[in-house]
Structure formats: structure tokens, C-alpha cells
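**Q** Below is the structure I would like to discuss, written out as C-alpha cells.
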Amino acid sequence: MNRNPRYERQILMPEIGPEGQLRLSGSRVVVFGLGGLGCSAAAALALAGVGDILIVDYDLVEPSNLNRQYLHWPRDIGHLKVESAVNKLQAMNPDIHIMGIRSRVGRDNIMDILTGVDVMVDALDNFPARFVLNMAAYHAGIPLVHGACRGFEGHITTLVPQRTPCLKCLFRESPPEEICQVIGITPMLIGTLQAAEAVKLLLGLEGGLWGRMLHFDCLSMTSREIKLERDPDCSVCGRGRAR
Amino acid sequence: MISVHVCVSGILLKPRGLNEFDLELARGSTVRDSLVAAGYAENHIPRIMTVVDGVLRPHHHVLESGQNVVLSIVIGGG
């Protein structure tokens, strides 16, 4: 039994208990992207006691990151995001293993990163790279928690291979790229919800965002649920895929 | 002809300054046709996410009379 007092209050939860905490400590989650979403998701996973967290990003910390990416501090400007985040996350929870991988996500390296991974968190900021994750998740059979934000709005859904639509079912093409306008509260909310989805997947709990997307508007403080359906002609999981 | 009800959600630029409006379209019209008819510029259309009667639908989806179409911007930032 896990006697670490750090987890005492969540072990009291019937959905977790000592067995669930052990399951979390024996799990591996990979977070792709250490922007606003990734910082929040990784921090929540670390605090929950997920035992093995991989974080993947290529970039250096820039001053314009500091309004939302709270694992990166002014002293980290110019340093690797993965180094900055590993240091903070390890300080937050010394009892777990955190590994940073400085890399851009591509077809050439994605499957190596996924070795032993239980859940993937998509905290990236562009659709081409998100589509690479989606393809890999489908072929590896690993659930992918997708989140995105812009301004006061954000959305989240969980993509489970063979069970739900994949990202390509939902978005056939990448929208034109833009410099994303955003205030920190939005990715902090969505990233934390992504961690919640990941934890539920690891614990085998019901209630996940399977086949539905939650859209939040923090300006009007409204949310709505959008049903998602598989695209029979999807190029990844449907008739349109390469044989 | 068919008639659909359009709602513009969140920060998406509202054509005609309206949050909600009705559109008359030719039978067999797609979601994309409705976006053009609503007044969105060609270069804005790929940025628009469309939900038809509560279900996320691609732009080539064929509309039926009486459907409710909610427009919001595609969100992709991290």
C-alpha cells in the first residue's frame, strides 16, 4: 500500500483508494508540448502521483510565454522548456520520475517516444503536429487526450482508438496557422481538464469525454457539449486509410 | 429551398453583426454553402468549426431544412 502522506486525501476518494494510487504510480503518461496546456496538464499529473511522466518539447522559454506557462519563470528565459519544466515538476513531486525529451514530434521519432506509454496528452499548438500524434495514437492503440485553446475559449475531448472518432475524423485539414491570442486562465483550465481525463483513463473510471467534446467560453462562462461521430472516409481510421 | 437557423458562438466574427439569423439555401446545400451565404470570406472559412444539431460536421456535410447550425472558430492553440 502507498503510505505516502502526500496522497492521503485522494486515497480517501472511493474512485481512487490505495489500489488506484498504486495504479497511478505505475503508469506512464507523455505530454506533448510545454506551452500553457502542457504546463498545466503536466503539473496536475505530477501532483496526482503519476509515476512516470515524459514531457516533449523543442522550444526555448521566451518572455511572451510567461503569461500562461507557469512552469517557466523569468530566470528560465533562453533555456530549454523541457529542462525548466523537469526542474519544477521534480521539485513539486520528488517521488515520481520525470523525463524531458527535446524534440519536435515527427513520424520518424513518435513511435519510439510511445514505448510503454499508457496515455498521451496532446498539448501542442499546431494541427500538423497534432495529426502526427493522432496517427501514432491510432496505430499504437493508445488513448489521446486532445485539448486546445484560443483567447477565452477552449475545448477538450478524449480520442480512444477503435472506440471514438480520431482527430482526422473531426478536422480533415489544418486551419491556416496564426499567432494564437490567449490569456493564461484558458490553457490552465483546459490543461487541468486534460489531466483529469488522463487520470480517469489510468484508473479505468467512467465519465470520460469519449465521442463528445466540451467547449468552454470563459468570457460568457458557458460550456456546451458537442457530439462527435466517426468519419467513415477518414484517412486515419476509416475507409480512406492506407492499407 | 431549405431554411436553416445559424448561431454564431464566441469570438467568431459575426456577419451582419448578428448572433443568430436564418438562411434560405438551395436544396442540397452544404455547410460550406451556408458559410458563403452568411457572408464569410473565402479565407476565413477554413477557420470555422460547424456544429449541426449538436454534432460536429465537416464543411461538405449536406444540410436539411430546419437544422440548427452553430459556428465557432477552430481552436488549435496550446
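**Q** Kindly provide the set of residues from segment B:31-51 that are in a loop (DSSP other than H, G, I, E, B) and facing chain A (nearest Cβ under 9 Å), ordered by number. Let's see the steps before the verdict.
**A** Narrowing segment B:31-51 to residues in a loop (DSSP other than H, G, I, E, B): B:39-44.
Within segment B:31-51, just B:N43 meets the criteria.
**Q** Next question, about the same structure. Going through segment A:69-89 one residue at a time, which ones are surrounded by 16 or more Cβ atoms within 10 Å (Cβ to Cβ) and assigned to a loop (DSSP other than H, G, I, E, B)?
**A** Listed by number, the residues that qualify are A:Q69, A:Y70, A:L71, A:H72.
**Q** Determine whether A:A46 is part of a helix (DSSP H, G or I), in contact with a strand residue (DSSP E or B) (Cβ under 8 Å, 6 or more places away or on another chain) and within 14 Å of chain B (Cβ to nearest Cβ). Walk me through how you get there before you give the answer.
**A** Details: part of a helix (DSSP H, G or I): yes; in contact with a strand residue (DSSP E or B) (Cβ under 8 Å, 6 or more places away or on another chain): yes; within 14 Å of chain B (Cβ to nearest Cβ): no.
The answer is no for A:A46.
**Q** With facing chain B (nearest Cβ under 8 Å) and touching a strand residue (DSSP E or B) at 6+ places or on another chain (Cβ under 6 Å) as the only criterion, which of A:R150, A:R212 stands out? Full working, then the answer.
**A** Numbers: A:R212 fails: facing chain B (nearest Cβ under 8 Å).
Step by step, each of A:R150, A:R212 is checked, and only A:R150 is facing chain B (nearest Cβ under 8 Å) and touching a strand residue (DSSP E or B) at 6+ places or on another chain (Cβ under 6 Å).
**Q** Hey, another quick one. Search segment B:31-78 for residues being among the small types (G, A, S) and surrounded by fewer than 17 Cβ atoms within 10 Å (Cβ to Cβ), and hand back the single one that is nearest to A:P165 (Cα to Cα).
**A** In the first step, residues of segment B:31-78 are kept if they are among the small types (G, A, S); the result is B:34, B:37-39, B:41, B:54, B:65-66, B:72, B:76-78.
Then drop every residue that is not surrounded by fewer than 17 Cβ atoms within 10 Å (Cβ to Cβ), which leaves B:37, B:39, B:41, B:54, B:65-66.
On the way: B:A37: 29, B:G39: 31, B:A41: 29, B:G54: 16, B:S65: 26, B:G66: 26 Å.
Per the criteria, the residue is B:G54.
**Q** Looking only at helices (runs of 4 or more DSSP H) that lie completely in segment A:90-206, which have at least 2 residues being open to solvent by 60 Å² or more (accessible area, probe 1.4 Å)? I'd like the intermediate steps shown before the answer.
**A** On the way: elements: A:110-113, A:127-140, A:167-170, A:185-203.
By residue number, A:110-113, A:127-140, A:185-203.
**Q** Sticking with this structure for a sec: Being facing chain A (nearest Cβ under 8 Å) and either touching a residue at least 40 places away in the same chain (Cβ under 8 Å) or in contact with a helix residue (DSSP H, G or I) (Cβ under 9 Å, 6 or more places away or on another chain) (or both): is that true of B:G54 here? Lay out the reasoning, then the answer.
**A** Numbers: facing chain A (nearest Cβ under 8 Å): yes; either touching a residue at least 40 places away in the same chain (Cβ under 8 Å) or in contact with a helix residue (DSSP H, G or I) (Cβ under 9 Å, 6 or more places away or on another chain) (or both): no.
The answer is no for B:G54.
**Q** Oh, and also: Could you pull out the residue among A:L219, A:L228 that is open to solvent by 50 Å² or more (accessible area, probe 1.4 Å) and farther than 19 Å from A:V50 by Cβ? Walk me through it before giving the result.
**A** Numbers: A:L228 fails: open to solvent by 50 Å² or more (accessible area, probe 1.4 Å).
Residue meeting the stated conditions: A:L219.
**Q** Would you tally the residues in segment B:1-30 being at pLDDT 95 or above, within 14 Å of another protein chain (Cβ to nearest Cβ) and loosely packed, with under 13 Cβ neighbours inside 10 Å?
**A** Within segment B:1-30, residues that are at pLDDT 95 or above, within 14 Å of another protein chain (Cβ to nearest Cβ) and loosely packed, with under 13 Cβ neighbours inside 10 Å number 0.
For (1) in contact with a Pro (Cβ under 8 Å, 6 or more places away or on another chain); (2) under 29 Å from A:E19 (Cβ atoms), each residue gets a yes or a no:
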{"residue": "A:L45", "(1), (2)": "no, yes"}
{"residue": "A:G49", "(1), (2)": "no, yes"}
{"residue": "A:D52", "(1), (2)": "no, yes"}
{"residue": "A:V56", "(1), (2)": "no, no"}
{"residue": "A:E62", "(1), (2)": "no, no"}
{"residue": "A:R68", "(1), (2)": "yes, no"}
{"residue": "A:D76", "(1), (2)": "no, no"}
{"residue": "A:H79", "(1), (2)": "no, no"}
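The values are calculated or read from the model by the stated rules, or taken from the named source; none is laboratory data. The structure displayed is predicted, hence computed values, not measured ones. Every residue, glycine among them, receives a Cβ derived from its backbone with ideal geometry; neighbour counts consider all protein chains shown. Ligands, DNA and RNA are excluded from the accessible area calculation, which covers all protein heavy atoms including side chains. Shrake-Rupley method; radii C 1.70, N 1.55, O 1.52, S 1.80 Å.
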